[in-house]
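Data first, discussion second: the structure below is written as structure tokens.
The values are calculated or read from the model by the stated rules, or taken from the named source; none is laboratory data. Predicted model only: the values in this text are computed from it and were never measured. With ideal geometry, Cβ positions are generated from the backbone for all residues, glycine too; neighbour counts draw on all protein chains shown. Keep in mind that these areas ignore ligands, DNA and RNA; they rest on the heavy atoms of the full protein, side chains included. Shrake-Rupley method; radii C 1.70, N 1.55, O 1.52, S 1.80 Å.
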Amino acid sequence: INLNNEQFKIIQNQVKGIVVIANYNSHKQTIISGESNAVDDFLVLAKKENIRTLPLNVSGAFHSPLMNDAMIKVEEYINNVKFNNIDKPIYQNFSPNRNYNNSKIKCNLTKQITSSVRWVESISNMANDISLNFLEVGPNKVLSKLNNNINKEINTICFEEITSYEKSN
């Protein structure tokens, strides 16, 4: 929580093993990923710097170079799928800018497996390019809270709220 890039690099340089930023979730929340021991060491050093940490229970080192084998398998599959150019923009984790090009979209799908989720940039770019209205499909308003931290003017309606509203009417 509240880890900036400079702090990350300082601590990362003190850790043996692979630790990378997996998610730039908001201005206040950064997720790290990597080798288990290296992540554990990173958390200890971060706490010594009074950086609040919350370990996540995940089953892999997602959005890190350690996912390279998975990326290769996905790439083999995706290369056999035809992608068309589109008329509505796509914003992807790897490249948070609007994109209409089929080959870039296809390439980015595989790259996002080993690359950071650039949520702050994606949401900021979408809000600037398209709209300040978003629909979140999922429980607990996780993305709504992140979006609000990124830009207070963003209106994110949670699918959970829609189904609750429909049930009450």
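Of all DSSP beta bridges confined to the chain, the antiparallel ones make up roughly 55%.
According to the Cα-based calculation, Rg over Rh for the chain is 1.01, with Rh computed by the Kirkwood formula. The phi-based Karplus calculation (6.51 cos²θ - 1.76 cosθ + 1.60; θ = phi - 60°) puts the 3J(HN,Hα) values of the stretch 114-127 at 10, 10, 5, 7, 9, 4, 4, 5, 4, 5, 4, 5, 4, 4 Hz, whole numbers, x for Gly and Pro. The phi torsions of the stretch 69-75, fed into the Karplus equation with coefficients 6.51, -1.76 and 1.60 and a -60° offset, translate into couplings of 4, 5, 4, 4, 5, 5, 4 Hz, rounded to whole numbers, with Gly and Pro shown as x. Within the stretch 1-159, what whole-number % of the accessible surface is contributed by carbon and sulfur, with the 1.4 Å probe and all protein chains included in the calculation? About 50 percent, which is the carbon plus sulfur part of the accessible surface. The HN-Hα couplings worked out from phi for the stretch 10-24 by the Karplus form 6.51 cos²θ - 1.76 cosθ + 1.60 (θ = phi - 60°) are 4, 5, 4, 5, 8, 9, 8, x, 8, 9, 9, 7, 8, 9, 9 Hz, whole numbers, x standing for Gly and Pro.
Computed over the chain, the per-residue total of -39500 (n - 2.57) for DSSP H runs of n ≥ 4 gives a 222 nm mean residue ellipticity of -13500 deg cm²/dmol, rounded to 500.
Taking label positions 7 Å along the Cα-Cβ direction at both V142 and I1, the computed distance is 1.7 nm, reported to one decimal. Restricting the stretch 1-88 to GluC sites (Glu not before Pro) that sit in a DSSP loop and have at most 11 other Cβ atoms within 10 Å of their own Cβ leaves E49. Using C-alpha pairs under 8 Å with a sequence gap of at least 6, the mean separation divided by the residue count of the chain gives a relative contact order of 19 percent. Near the amide H of L135, within less than 5 Å, lie the amide hydrogens of I157, all on another chain or at least 5 residues away, with H placed in the peptide plane. Each residue, N13 and T53, gets one label point 7 Å from its Cα in the Cβ direction; the gap between the two is 1.9 nm. Translational diffusion of the stretch 1-78, estimated by Stokes-Einstein from the Kirkwood radius over alpha carbon pairs at 25 °C in a medium of 0.890 mPa s, is 186 µm² per second.
Summed over the residues of the chain and divided among them, the accessible surface reaches 65 Å² per residue at a probe radius of 1.4 Å.
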